[in-house]
1. Between beta-carbons, use under 15 Å as the cut-off and find the net charge around G55, counting Lys and Arg +1, Asp and Glu -1.
2. Neighbour counts of other C-beta atoms within 10 Å: give me R103, R90 arranged from fewest to most.
3. If we sort 141-154, 115-128, 60-73 on the protection proxy, mean other Cβ atoms within 10 Å, highest first, what's the order?
Amino acid sequence: MQCQLQSDSRFWIRLGRTSLTAAIAALIATFGLSPAQSQDGGVSIELNKLEPQGGQCRAYFVINNKSGTDYEALKLDLVLFKPDGVIGKRFAVDLAPLKASKRAVKLFDIEGTACDEVGSFLINDAMECKAASGTVDDCLQDLDLSSLTNVQLTK
């Protein structure tokens, strides 16, 4: 699985291939829901843990696609806030497909950022959201977010 990042020197950072792939796959599933699909079970994403990896931080997400819909693409605009509330990094992730009725663990490394420098994550926007049947409008509307860490995950 390979991921693609947007390249805008003011806002985007490059994350490792493995780290982005995992994060993107988790988030794609979460954002690709329409109101009708969410009634079928929806998609939830949980920030499960943060783990130091050398001088950077690894984030683990548990994604539960309870819907009957396969998601092919979801490009997300993510913002990392420092513990003091100041924006630390902004990056785009493009997740690989998420299968219907499937729970998965996805992870990504936040290059150049230690775990104690992470205060919260904001899913700022879904830049692209596509199910097998086509483009899905209002992907963020039915996203169910949670965190088992002291770091908030919001939209």
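1. So the environment of G55 carries a net charge of -3.
2. So the residues, fewest neighbours to most, are R103, R90.
3. 60-73, 115-128, 141-154
Read-outs: derived from the displayed coordinates by stated rules, not from any lab. Values in this document were obtained by computation on a predicted structure and should not be read as measured data. Here Cβ is always computed from backbone atoms with ideal geometry, including for glycine, and neighbour counts include all displayed protein chains.
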